[in-house]
Amino acid sequence: MTGSADLQAGAGHEDGTAALTPQQLDALGQHLVWRIGRDDLTDEVVVRVGYASAAGQFASLSRLRNVPDADLEQALAAGQIRLEWVE
C-alpha cells in the first residue's frame, strides 16, 4: 500500500464513515506513530496520532505523562479522550 488505505467503493457504515479491513488497518499501522497520556497543561487524557514522517512534531507539543490503564478506560467510557492528529 502506498499513501493511504485502498477502500472498496461503497464499503462503510450507515453514518458514512469508511470501514477498514484488518489487513488495511495493519498496513496503515505500519506508517503511524502514536502517544497516549495525560496532558501536562490541561490534565486531559490525549491520544496523539500521526504518520511516522511527522514524528519530530510530537516533541514540539505539550508533554504527555503516563496514564494508568484504569484512568484510560474511565476516560474512554466517559467520552473524555481528546484525539489529536499530528502533522
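Laboratory data are not the source of any read-out in this text; all were calculated from the coordinates shown. Just so you know, these numbers come straight off a predicted model, no measurement behind them. All Cβ positions, glycine included, derive from the backbone under ideal geometry; neighbour counts span all protein chains shown.
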Taking just the alpha-carbon atoms of segment 32-86, what radius of gyration and Dmax come out, in angstrom? 11.1, 32
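For segment 26-87, which trypsin sites (Lys or Arg not before Pro) are both in a DSSP coil and crowded by at most 16 other Cβ atoms within 10 Å?
Working: sites: R35, R38, R48, R63, R65, R82; in loops: R63.
Of the trypsin sites (Lys or Arg not before Pro), the ones in loops of segment 26-87 whose Cβ has at most 16 other Cβ atoms within 10 Å are R63.
Residues with beta-carbon under 12 Å from that of I81, excluding I81: net charge, scoring Lys, Arg +1 and Asp, Glu -1? Kindly include the intermediate steps, with their values, before the conclusion.
On the way: positive: R38, R48, R82; negative: D39, E44, D71, E73, E84.
Counting the neighbours of I81, the net charge comes to -2.
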